[in-house]
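The values are calculated or read from the model by the stated rules, or taken from the named source; none is laboratory data. Only a predicted model underlies this, so the values are computations on that prediction, with no experimental measurement involved. Cβ: placed from backbone, ideal geometry, glycine included. Neighbour counts: every protein chain shown. These accessible areas exclude ligands, DNA and RNA; they are computed on the full protein's heavy atoms, side chains included. Shrake-Rupley method; radii C 1.70, N 1.55, O 1.52, S 1.80 Å.
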Amino acid sequence: MKNTITLIVFLATFLLGTATMSAGDKKITVKSPDGKTQTEVTVGKTISYTVSQDGVLVLAPSKVSMTLSDGNVWGIGSKIKSIKKHSVNNIIDAPFYKSKKVKDHYNDAVITFSDSFSLEFRAYNDGIAYRFVSTKKGNYQVINEQAQYKFTENADATAPYVYSAGSMEHQLFQAFENRYTRLSISELDKNRLMFLPLSVKAPKGKRITITESDLRNYPGMYLTTSIGENTMTGFFAPLRDKVEEHSGYNNLQVIVKSRHNFIAEVEGSRSFPWRAAIVTRNDVELANTTMSFKLAEENVIGDTSWIKPGKVAWDWWNNWNLDGVDFKAGIDNRTYKYYIDFASKNNIEYVILDEGWAVNKVYDLMQVVPEIDVKELVDYAKERNVDIILWAGYYAFDKDMEKVCKHYSEMGVKGFKVDFMNGDDQELVYFNERSAKMCAKYNLIVDLHGTYKPAGLQRTYPNILNFEGVHGLEQMKWQPKECDQVTYDVTFPFIRMISGPVDYTQGAMRNAVKALNTITNEVETQYTPNFSKPMSQGTRSHQLAEYIIFLSPLNMLCDTPTNYEKNPVSTTFIASIPTTWDETKTIQGKMGEYIVTARRKGDTWYVGGLNNWDAREITIDVKEITGKSGEVTIFKDGPNADMNGIDFVKKTKNVNNKLTIRMAPGGGFVVKI
């Protein structure tokens, strides 16, 4: 694997050592609107750039280039034709993002070169981004793109490896659902790819987080430490050549047998994805960044009034495991009518029919199992103010995309959850966009599973309401007892979630904590994997708070309706929480330890807190956060939550300003104001 990665990275890599200035070098500086974050671009024999903040260098000279199939290399010996600088300060409408209005304020420089390309650099207050823009005519291939990140020291990184090591193809076939590894750059596995976003500590308490945006019809970027000291280098999946169709899990996937020696095919002029280096002084600043969203192409579908975010009663996580009913539960209309009745009673907008409604292993979404009558369920749900979403395997959906979308939209289905893409080469990235475009044509919402981080596509196609690309609660059905999901819960909001919404699928009513065994005097985890009766790690309040902390415009209730019916206080509250927000601000937090986020919908504020396995007290200033004082409703860990995860307290009290709340190990809280 090491040799394979090195070969592909080197296809477009020249003079990878530290950049050195020569007499003919041209330097272009772009500063952020507040003047504190800047990049210095050096154009000479090569092109490199640095990133600094508050006078502190956080990224040393790092090279960029792009190698084309005609032998031309953009970034090697390129001659400047013109330089134009701009300042932009406007407001973006973002009805399905974490704030309804997003301020987009930056300075940029467009450096146009004589050989049919330009480089655009943007400086935001919290980071630097650049991209290649091509004016080249005709068809050509991108052999490789050089994206180098040369850090100033052997700093600690928080990085998500691809799920397993092995051959290049084995590493590229993955769903972007791994947890994080924390190691210094030199200790990271040089033979294993890492996916984005990825975060690295920088001098003077700063942090630099690498991601990409406006990823369209081009492969996603991985990083590898296989070349250079204190350096990460971009790696891109070559375009697939020969494949084995209807393979993999339940014949739902496509297995790549061979790849081309280039990463992308290009037709005429286009812009390429933004490479973003988000620079923050603390973790709260990082959680509050909106840079990835702002870099994306604006809405291309026009009217969004038909797009309805909301909650979803989900079947698959709980394995259709109803109890106390007078029928055998399973994948049939009687069971789904029970889910619909539950959703209707609790004002839940959707019920999803996950895997199993279509005939298995035939990759044909027009063939429905005899136990399911989709039209009957759609009509039954509509009478009760509930809508239906259908699950679809990637290969089957792609094979008959327009036929499927037209057929089920005319039936009254409102969206698709598309699953098992398992990769981000050019073809799969383009599939996500084609799916969004086709679904928009038929007024269908989209939930993309088994895929990479959002990378801006949700701004361009707002009917994409959610993405997976997260080590979500489904993992608790099979992960071993050693899996630490609670620490992950207070890590990914600072990393993965800066790219956009996350279909984590929370809402478990079985809640396992770590408790003291009084005989052995050792702390033991109560969690155990169970496919048909799964549980969460952490307390009940931890689950409730996830509906505030995690950004999710299409938000699942993962547990069975009968479990929710046994827990009416939790269920009523979950069902009442909005899924889109007018305003959001993270107010406290430290990656891997805890996070406190406040979100506003109309005149109501929700403040949520999540904890790792260390008990802690949090003090929040209600009046400072919300501008209001008075009666608040609090959901918090109960006095016995350390031993019994389902123990929580709901109370109301008058608060003039400050409120102190204890979070149990693996705990959480919500304050509604």
Quick check on segment 607-630: of everything there that is in a loop (DSSP other than H, G, I, E, B) and closer than 30 Å to Glu524 by Cα, which residue is nearest to the chain's Cα centre (by Cα)?
Asn612
Just one of (1) part of a loop (DSSP other than H, G, I, E, B); (2) open to solvent by less than 50 Å² (accessible area, probe 1.4 Å); (3) modelled with pLDDT under 95 trips up Ile8, so point out which.
(1)
Could you go through segment 91-105 and let me know if any residue there is among the aliphatic types (A, V, I, L, M) and within 29 Å of Ile263 (Cβ to Cβ).
no
Kindly indicate whether any position in segment 243-250 is in contact with a Pro (Cβ under 6 Å, 6 or more places away or on another chain), β-branched (Val, Ile, Thr) and not in a loop (DSSP other than H, G, I, E, B).
no
So Ala60 clears everything in (1) of a type in the set (A, V, I, L, M, F, W, C); (2) more than 19 Å from Val266 (Cα to Cα); (3) under 26 Å from the mean Cα position of the chain (by Cα) except one condition, right? Which one?
(3)
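Within segment 196-210, does at least one residue satisfy the condition of being touching a helix residue (DSSP H, G or I) at 6+ places or on another chain (Cβ under 9 Å), assigned to a strand (DSSP E or B), without any contact (Cβ under 8 Å) to a residue 60 or more places away in the chain and within 25 Å of Thr37 (Cβ to Cβ)?
yes
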Matching residues in segment 25-72 - criterion: being open to solvent by 20 Å² or more (accessible area, probe 1.4 Å), within 25 Å of Gln141 (Cβ to Cβ) and not polar (S, T, N, Q)
Lys45, Asp70, Gly71
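Looking only at segment 211-225, which residues are in a loop (DSSP other than H, G, I, E, B) and closer than 14 Å to Tyr161 by Cα?
If the condition is that a residue be in a loop (DSSP other than H, G, I, E, B) and closer than 14 Å to Tyr161 by Cα, then Thr225 is the only one that fits.
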Qualifying residues in segment 235-255 (those that are touching a Gly at 6+ places or on another chain (Cβ under 8 Å) and of a type in the set (A, V, I, L, M, F, W, C)) - the one nearest to Val362 (Cα to Cα):
Leu252
What helices (runs of 4 or more DSSP H), lying completely within segment 263-378, carry at least 3 residues that are more than 21 Å from Lys406 (Cα to Cα) and within 26 Å of the chain's Cα centre (by Cα)?
283-287, 291-295
Checking Ser78 against (1) without any contact (Cβ under 8 Å) to a residue 60 or more places away in the chain; (2) open to solvent by 20 Å² or more (accessible area, probe 1.4 Å), the condition it does not meet
(2)
